[in-house]
Amino acid sequence: MSNFHEIKPQNMKNNAFEMISKDWMLITAKSGDSCNTMTASWGALGFMWGKNVAFIGIRPQRYTKEFVDASTTLSLSFFGSEYKEDLNYLGTVSGRDEDKIGKCHLTLNNHGDAPYFEEAHTVLICKKLFRQPLNPDSFIETDLLDRWYPNKDYHDLYVIEIEKVLVKDAA
């Protein structure tokens, strides 16, 4: 972790909308000695229950969900555009089928029990606070259901506390 230093969440310089929707992130968690990651482009950063938090959604069929559910901590890793090909690969191949982390060009490391990637420019070390499946009856704008959930595979919504923000040291 010598390539990173910790900052307060309110001192993050990057735009969260760009980081999540345009640049994407890796959600990474461990279960025992195994680790898995997935690419995500939906989520949010904010403040809830007196804590700095992130909101992430994971569909039930995603292999990474098993790791997130089994762990207390996880990371959100954000990268520059030069890693887009790796993030695309990690978002389309399942860790059930192959060692996708071993086949990409990223270096796995750990901060306590939370795995993260050394090549990230920003890493959020997080602790799970809340999980709830999205309920189709709760949608006010119901056209979202047909557009985003034609297979009825509704995300589980997680609220996770941001315990640490690690940013890459200047070269």
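The values are calculated or read from the model by the stated rules, or taken from the named source; none is laboratory data. Not measured: the values here are computed from a predicted model. With ideal geometry, Cβ positions are generated from the backbone for all residues, glycine too; neighbour counts draw on all protein chains shown. Note: areas computed on protein heavy atoms with side chains; ligands, DNA, RNA excluded. Shrake-Rupley method; radii C 1.70, N 1.55, O 1.52, S 1.80 Å.
Taking 18 Å as the straight-line reach from the Cα of LYS128, the lysines in range (excluding those fewer than 8 positions away in the same chain) are LYS30, LYS51, LYS65, LYS164.
Looking at the chain, the accessible area is 55 square angstrom per residue; that uses a 1.4 Å probe and ignores ligands, DNA and RNA.
The Cα atoms of the range 1-158 cover 47, 39, 30 Å along the three principal axes, with the biggest extent listed first.
For GLU163, the solvent-accessible surface computed with a 1.4 Å probe is close to 90 Å², ligands and nucleic acids excluded. Here the Gaussian network model covers the chain, with springs between Cα atoms less than 10 Å apart; of GLY91, GLY50, GLY102, GLY50 fluctuates the most.
So, counting K/R as plus one and D/E as minus one, what does the shell of residues with Cβ under 15 Å around TYR149 add up to?
Working: positive: ARG59, ARG62, ARG147, LYS152; negative: ASP137, GLU141, ASP143, ASP146, ASP153, ASP156.
Result for the neighbourhood of TYR149: -2.
Modelled spin-label separation between LEU144 and TRP42, with each label point placed 7 Å from Cα along the Cα-to-Cβ direction: 0.8 nm. Estimated at the nearest 10 Å², the accessible area of TRP148 is 90 Å² with a 1.4 Å probe. Computed from the C-beta positions of ARG131 and SER94, the FRET efficiency with R₀ = 25 Å rounds to 0.75.
Along the range 27-39 the Karplus relation, 6.51 cos²θ - 1.76 cosθ + 1.60 evaluated at θ = phi - 60°, assigns HN-Hα couplings of 9, 10, 8, 10, 9, x, 8, 9, 9, 9, 9, 9, 7 Hz to successive residues, with x for each Gly and Pro. Projecting the alpha carbon convex hull of the range 1-69 along each direction and taking the average yields 6.2 nm².
Using Cα pairs under 8 angstrom and six or more residues apart, how large is the relative contact order of the chain, in percent?
It rounds to 30 percent for the chain.
What would the Debye formula give as log10 I(q)/I(0) at q = 0.26 Å⁻¹ for the alpha-carbon point model of the range 124-165, no solvent? One equal scatterer on each Cα of the range 124-165 leads to -0.84. Overall shape of the range 40-120 was characterised from the C-alpha gyration tensor. The equivalent ellipsoid obtained from it has semi-axes of 22, 16, 14 Å, in decreasing order. Of the listed residues SER138, SER75, SER41, the order by accessible area with a 1.4 Å probe, largest first, is SER138, SER41, SER75. Shown are PHE79, PHE55, whose ranking by accessible area with a 1.4 Å probe and every protein chain present, most to least, is PHE55, PHE79. Helix-only arithmetic for the chain: the sum of -39500 (n - 2.57) across DSSP H runs with n ≥ 4, divided by the residue total, places the mean residue ellipticity at 222 nm at -4000 deg cm²/dmol. Heavy-atom surface analysis with a 1.4 Å probe gives the chain a carbon and sulfur content of 48 percent of its accessible area.
What does a probe at LYS103 reach in the range 17-47, counting residues whose amide N is under 16 Å from the point 7 Å along Cα→Cβ? So the set is 36-39.
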